[in-house]
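I have placed the structure first, in the form of structure tokens, so that the comments after it can refer back to it.
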Amino acid sequence: MENKTEILINLAKKRGFINQSSEIYGGFSSSYDYGPLGSLLKNKLKELWLNNMIKSDLDIVPIDSAIIMSPKVWEASGHVSNFVDSLVECKECHKRFKQDDVKDSCPVCDGELSAPKKFNILMKTYIGPVEDSASLAYLRGETCQGIFTNFKWIKSSMRKKIPFGIAQIGKAFRNEITPGNFTFRTREFEQMEMQYFVNPDKADIYFDLLKQKRMQFYIDLGFKKENLRFKDHDHLAHYCKRGCDIEYNFPFGWQEIEGIHNRTDFDLTQHSLYSKKDLQYFDEDSKESYTPYVIETSCGCDRVLLAILYDALDGENFSFPYILAPYKVAVLPLVKNKEKIVKKAKQVYTQLKDNFMVDYDQTGSIGKRYARQDEIGTPYAITIDFMSLKNNTVTIRDRKTKKQSRIKINQLNDYLLNNKKSSFIQKIYNLLCKK
Ligand code: GAP
């Protein structure tokens, strides 16, 4: 019997969510592509995250900074000297491992391990035609450095007063020694990070506030509460005063999906030193200047998406909460060879598509089409049949209860809006406005 992970990976491939990258060339190690349904889901997650940030009452603004920045950024941030993993190699089978992941001997063949070697996980690239040290640059190892380097500009151009935050979604790259668990750990991934600039005296208050808000975000997304927990950091990075992870209960164990950290004034101080620019904040009330502390919420978009897939997996189907379902409704003509039925079905599709993400499907038996929509978690399926031609009604099937009811075509939009209202509108309200 397939285990949960195999079912998830197969379903994700079969139904256009996620597949290995470059598959026609035999695949490329630990790289993945999102198909139509995967990218709809990912875009929805990103939209909800960003709205949760910029429509909160915390004064948070979005940016979109470059992936390739001045190499000095990564010297200042400490990544060039400190962004290292320790690698050990088995002397027998020559497999390589992260030192943290193994004990005394090789987990594959029990062979003796080599002494650890330090390995910088920043991804290198070269700018221009000559590959030498002068043209060396890096693909960003975390999105937040683009936020720190833009702090001064955003503060003045947007006339921001502390406390305020800057949010960004974008790709980050790490030359991970041991990528794995599908999209859980990859070398190219997307982060959704928010850096909140605060008076150092208020850092603890905002740390606690953001910690609670971030957990509430996952609950509002529809995650099962028992699959989420906080884990306080025992070992803090040198720049970090407090740290806490939000963990998800994956089949391979409780693992971090998001980190919340008090990064102190470390980053702004470093960038100020290296750039020789004043990155302090002048408080007009107290007439004092200080370097703000940063409370960061750092979430892995691909990792959260993987947690969403696991949380939604119900037998061999994805049972998404309405808010996340890639398609909200499917329009299905009962048969495809009756012109009048197909025409009416296309009219229904047109009537709904401006308000809902709609799938139109006319291939295969109606039973198979229902099953396909059940697999991808579409909450409603509308069928246009012979009766529809007589009295302008359709059947609407609720995915959860499998019950069908017959309603007038001109009442469909209201029906769908009202049915989702109790859960959906409330959640949207929570996600976008209230919190
Ligand atoms: N700016 C802080 C920072 O980057 P991190 O704990 O290294 O902190 C934050 O990363 C989040 O990014 C993690 O919680 C995880 O969700 C995601 N992440 C980190 N490395 C990843 C990888 N190799 N593959 C997928 N997601 C990753």
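Need one word for region 105-235: rounded, prolate or oblate. Basis is the Cα gyration tensor (sqrt eigenvalues a ≥ b ≥ c); a/c below 1.5 gives rounded, then a/b vs b/c decides. Show your work: numbers first, answer last.
Details: a/c = 2.19, a/b = 1.21, b/c = 1.81.
Taking the square roots of the gyration eigenvalues as a ≥ b ≥ c, region 105-235 is oblate.
For the chain, what proportion of DSSP beta bridges, expressed in % and rounded to the nearest 5, is antiparallel?
In the chain, approximately 85 percent of DSSP beta bridges are antiparallel ones.
Dipole of the chain, Cα-centred, from +1 at each Lys and Arg C-beta and -1 at each Asp and Glu C-beta, to the nearest 20 debye? Show your work: numbers first, answer last.
Numbers: 66 positive and 56 negative charges, 505 e Å.
The calculation lands at about 2420 debye.
Suppose R0 equals 56 Å; then what is the FRET efficiency for I67 and F386 from their Cβ-Cβ distance, rounded to the nearest 0.05? Show your work: numbers first, answer last.
Values: r = 55 Å, r/R0 = 0.99.
For I67 and F386, the calculated efficiency is 0.50.
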- [ ] Kindly sort I295, I9 by accessible area of their heavy atoms, largest first, with the probe set to 1.4 Å.
- [x] I9, I295
Task: Ellipticity estimate at 222 nm from DSSP helix runs (n ≥ 4, -39,500 (n - 2.57)) divided over the chain, nearest 500 - done: -9500 deg cm²/dmol
TODO: Between beta-carbons, use under 12 Å as the cut-off and find the net charge around I147, counting Lys and Arg +1, Asp and Glu -1.
DONE: -1
Open item on the list: Only Cα pairs within less than 10 Å get springs; with that Gaussian network setup on the chain, which residue of K390, K241, K42 has the largest fluctuation?
Closed with: K390
TODO: For region 214-227, just list the computed ³J(HN,Hα) in residue order, Karplus coefficients 6.51, -1.76 and 1.60, θ = phi - 60°, integers in Hz, with x standing in for Gly and Pro.
DONE: 5, 5, 4, 4, 5, 5, 5, 5, x, 4, 6, 4, 5, 9
TODO: Please give the per residue accessible area of the chain, computed with a probe of 1.4 Å over protein heavy atoms only, in Å².
DONE: 50
- [ ] Note down the nm distance, to one decimal, between modelled labels 7 Å out along Cα→Cβ at E284 and at C93.
- [x] 6.5
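Sort D302, D208, D57 by heavy-atom solvent-accessible area, probe 1.4 angstrom, most to least. It would help to have the intermediate numbers written out before the result.
Working: D302 15, D208 70, D57 115 Å².
The ranking, largest first, comes out as D57, D208, D302.
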Open item on the list: I want to verify a result. In a Gaussian network model of the chain, Cα cutoff 10 Å, which of these has the top mean-square fluctuation: F189, F282, F318?
Closed with: F282
TODO: Specify the residue with the greatest mean-square fluctuation among T269, T401, T125, computed from a Gaussian network of the chain linking alpha-carbon atoms under 10 Å apart.
DONE: T401
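Relative contact order (percent) for the chain, with alpha-carbon contacts under 8 angstrom and 6 or more residues of separation? Can you show the working numbers first?
Values: 761 pairs, mean separation 59.9, N = 435.
Relative contact order for the chain comes out at 14 percent.
Of the heavy-atom accessible surface of the chain (probe 1.4 angstrom), what whole percent is carbon and sulfur? Intermediate values should be presented prior to the final figure.
On the way: 10670 of 21590 Å².
Roughly 49 percent of what the probe reaches on the chain is carbon or sulfur.
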Open item on the list: What value in Å³ per residue do you get for the convex hull of the alpha-carbon atoms in the chain?
Closed with: 193
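What's the local net charge at K95, with K and R +1, D and E -1, over the other residues with C-beta under 12 Å away?
On the way: positive: K91, R96, K98; negative: E89, E92, D101, D110.
Local charge sum for K95: -1.
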Open item on the list: Given a 1.4 Å probe and heavy atoms of the protein chains only, how would you sort R372, R140, R406, largest accessible area at the top?
Closed with: R406, R372, R140
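Expressed as a fraction of 2.2 N^0.38 Å, the rule-of-thumb size for a compact globular protein of N residues, what is the C-alpha radius of gyration of region 329-433?
Numbers: Rg = 13.9 Å, N = 105, 2.2 N^0.38 = 12.9 Å.
In units of the 2.2 N^0.38 Å rule of thumb, it is 1.08.
The values are calculated or read from the model by the stated rules, or taken from the named source; none is laboratory data. Just so it is clear, the structure is predicted and the values come from calculations on it, not from any experiment. Here the Cβ is made from the backbone with ideal geometry for all residues, glycine too, and neighbour counts use every protein chain on show. Keep in mind that these areas ignore ligands, DNA and RNA; they rest on the heavy atoms of the full protein, side chains included. Shrake-Rupley method; radii C 1.70, N 1.55, O 1.52, S 1.80 Å.
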